[in-house]
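Inspection log for the structure reproduced underneath, given as structure tokens.
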Amino acid sequence: MRRVAILGAAQTRFEACKASLAYNELVYGVVREVLDRTGVPMREIESMVTASQDAYDGKTISGMAINEVVGAYLKSEAKVAADGLQALLYGVARILSGEFDLTLVVAHCKESEGDPAAITGLMFDPFVQRPLHLDELTAAALQARRYCRKKGLAPEDVALVSVKAHRQALKNPYAQRAGMFSVSDVLASPLLADPIHELEAAPRSDGACALLLASEARARAHTDRPVFIIGIGNCTDAYWTERDLAEARALQEAARRAYAMAGIREPAREIHVAEISARYAHEELMAIEALGLHPNLVELIAQERAACINPSGGPLCGNPPTVSGLLRAIEAYAQLSGEAGARQIEGARTALAHGAGGICGQNQTVVILQRE
Amino acid sequence: MSEWIVRQKIRIPFQYTTGRALTRFLTGLAECRIWATRCAECARVYVPPRSFCGRCWREITEWRELPAEGEVMSYTVRPADPPLILGLIRLDGADTALVHRLGEVEPEELERVVRVRAVWREDRTGSILDIAYFAPVR
């Protein structure tokens with residue numbers, strides 16, 4: 001069977017407002033960097049998959065507004081209006097089909113341009129939920145309380161995720177928010193929607209990232225130690241008010257599929273580094289549990305091995321929706337190719353990237369990467 | 001580097017078709033009645049009602065009325081003046097949750113609130129807002 005490798009990747013520095021660059025300029029910057037790093041000329045790339053959201057771009061068919069900067073003229077291009085890790089999934093499928101040897105995967109979002117509450121509010125049922133002015137944050141808060149009650153988690157347990165994330169982000173030059181915060185600092189930050197505090201929610205963020213996928217033959221011609229994508233799983237659950245929000249069944253199922261494809265039986269031992277798309281601190285705990293990364297999540301967060309979970313800091317340290325899932329794969333790739341700089345986890349050979357979309361993680365994607 | 005911004009506002013008037021299930025639900029609210037549907041295969045009771053059960057992938061045709069009372073599964077308080085309290089409410093006999101405002105309660109009392117009942121508006125129009133809020137059953 002054909003295998004798919006990652007040839008190279010790039011990301012912008014993430015900031016609350018990148019006011020001097022339009023989103024197509026952000027995208028050009030990361031695509032340019034991927035090509036410079038890999039030495040692959042644009043004319044050799046036959047296919048592209050982009051991730052963007054019309055509502056965030058303030059423009060329908062938003063993929064068409066970046067086709068010139070992703071090099072898509074007279075080539076095969078498709079856009080997903082979903083989390084960027086789904087764009088990776090489709091990019092992998094394109095190469096596995098045998099039709100293409102190289103596929104560029106790109107995601108961008110400038111949250112600063114629109115009103116995130118109004119935009120995420122459009123996700124909700126217009127008949128019985130939108131009249132109550134719901135947004136992503138409100139739904140996340142309802143999930144956080146339900147999950148913490150069911151699992152018996154204290155506010156301090158969840159705050160610890162934020163402490164760890166911001167501490168790890170100090171080593172990530174692309175991070176928007178980093179620092180040595182204490183549990184009491186986190187719990188003293190303003191309550192956005194009880195029980196979620198400001199430091200427990202992803203900040204509003206602008207940025208982009210890109211990654212180049214290649215067939216095994218193409219990758220071998222390029223490098224001696226390719227990083228392969230060895231497992232992918234995706235799963236969708238019921239609408240958020242029609243399932244128990246304390247459970248992450250779609251993520252469990254996505255992980256089961258990805259682990260089966262990758263031949264992973266003991267994820268807690270076999271996954272050396274995991275990048276998790278937690279836009280809210282409690283989501284990281286839910287994911288660690290659903291992914292089977294550790295039997296006791298609170299214990300894990302408090303100990304040293306926690307450094308292997310979101311060494312980049314994750315979305316809590318700033319990266320926008322749509323971008324965050326693809327960025328998890330880029331960070332995982334950086335770990336496996338030894339390009340993670342100060343945030344490098346030594347000896348990492350197998351990594352996990354997680355992406356989520358929809359209200360309270362209705363859609364989940366898990367990707368397993370491995371260095372040869 | 002230069003920074004220049006163009007400000008616009010996107011406004012799209014929209015008229016959503018409610019469809020069979022929600023038409024009965026919303027018009028029922030105008031009469032202070034709460035209609036749910038029940039899947040004949042898995043017996044799940046949906047409120048707001050669904051015409052289809054996604055789990056069993058089949059059409060739902062069975063209707064039942066639910067009491068306007070249930071349990072708070074979760075809540076959140078959003079800072080505002082006065083604070084906006086929203087709850088996830090499981091009505092008695094339902095397997096899904098209804099999101100709505102919680103009223104007649106102070107934020108600090110919420111941890112003790114288990115059961116709530118709907119408080120209806122006088123001027124009902126066939127809208128989810130025909131329920132003004134859910135109040136604690138004391």
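Brief remarks on what is shown
- 3J(HN,Hα) along region A:315-326: x, 4, 9, x, 6, x, x, 6, 7, 4, x, 5 Hz, from the Karplus curve 6.51 cos²θ - 1.76 cosθ + 1.60 with θ = phi - 60°, whole Hz, x for Gly and Pro.
- For region A:315-363: relative contact order, % (alpha-carbon pairs under 8 angstrom, 6 or more apart): 37 percent
- Where both bridge residues fall in the protein assembly as shown, DSSP classifies roughly 80% of the beta bridges as antiparallel.
- Segment A:S184..A:I345, full-extension length gain: 55.2 nm, with 0.36 nm per residue of separation and the alpha-carbon distance subtracted.
- A simple spin-label model places the labels of B:T125 and A:R2 5.6 nm from each other, with each point 7 Å out along Cα-to-Cβ.
- Proximal lysine pairs, chain A, alpha carbons under 19 Å, eight or more residues apart or interchain: 5
- Threshold 50 Å² - residues in region B:105-138 whose accessible area is reduced by that much or more when the chain is no longer isolated, probe 1.4 Å: B:I128
- Modelled this way, with points 7 Å down the Cα-to-C-beta line, the labels at A:L170 and B:A30 are 6.2 nm from one another.
- Taking θ as phi - 60° and the Karplus parameters 6.51, -1.76 and 1.60, the scalar couplings of region A:160-166 work out to 4, 4, 5, 4, 4, 4, 6 Hz in sequence order, x denoting glycine and proline.
- Those residues of region A:354-368 whose amide nitrogen sits under 20 Å from the label point placed on A:R256, 7 Å along Cα→Cβ: A:354-357, A:361-368
- Isotropic mean projected area of the C-alpha convex hull, region B:19-136 (nm²): 7.7 nm²
- Residue separation of A:R225 and A:M64 scaled by 0.36 nm, minus their Cα-Cα distance, works out to 54.5 nm of gained length.
- A simple rule links phi to the HN-Hα coupling: the Karplus curve 6.51 cos²θ - 1.76 cosθ + 1.60 with θ = phi - 60°, which for region A:191-202 gives 6, 7, 7, 3, x, 8, 8, 3, 7, 9, 10, 4 Hz, with x for Gly and Pro.
- Counting only protein heavy atoms and a probe of 1.4 Å, the accessible surface of chain A is 52% carbon and sulfur.
- A Förster radius of 51 Å, combined with the Cβ-Cβ distance separating A:A268 from B:R7, puts the computed FRET efficiency at roughly 0.50.
- For A:E15, residues with placed amide H under 5 Å, excluding near neighbours: A:D206
- For the protein assembly as shown, the solvent-accessible area works out to 43 Å² per residue, with a probe of 1.4 Å and every protein chain left in place.
- The alpha-carbon of B:K9 sits under 16 angstrom from the alpha-carbons of these aspartates and glutamates, leaving out residues fewer than 8 places away in its chain: A:D54, A:D57, A:E111, A:E113, A:D115.
- Whole-number percent relative contact order across chain A, with pairs defined as alpha carbons under 8 Å at least 6 apart: 25 percent
- Total accessible surface hidden between B and A, rounded to 100 Å², 1.4 Å probe: 2900 Å²
- Burial of 30 Å² or greater, region A:198-241 residues [accessible area, probe 1.4 Å, versus chain by itself]: A:T241
- Each listed q (0.08, 0.09, 0.11 Å⁻¹) maps to a log10 I(q)/I(0) for the protein assembly as shown, found by the Debye formula over equal Cα scatterers with no solvent: -0.51, -0.65, -0.95.
The values are calculated or read from the model by the stated rules, or taken from the named source; none is laboratory data. If you're wondering where the values come from, they're calculated on a predicted model, not measured in any experiment. Using ideal geometry, Cβ is built from the backbone for each residue, glycine included, and neighbour counts are taken over all protein chains shown. The accessibility values were calculated without ligands, DNA or RNA, using every heavy atom of the protein model including side chains. Shrake-Rupley method; radii C 1.70, N 1.55, O 1.52, S 1.80 Å.
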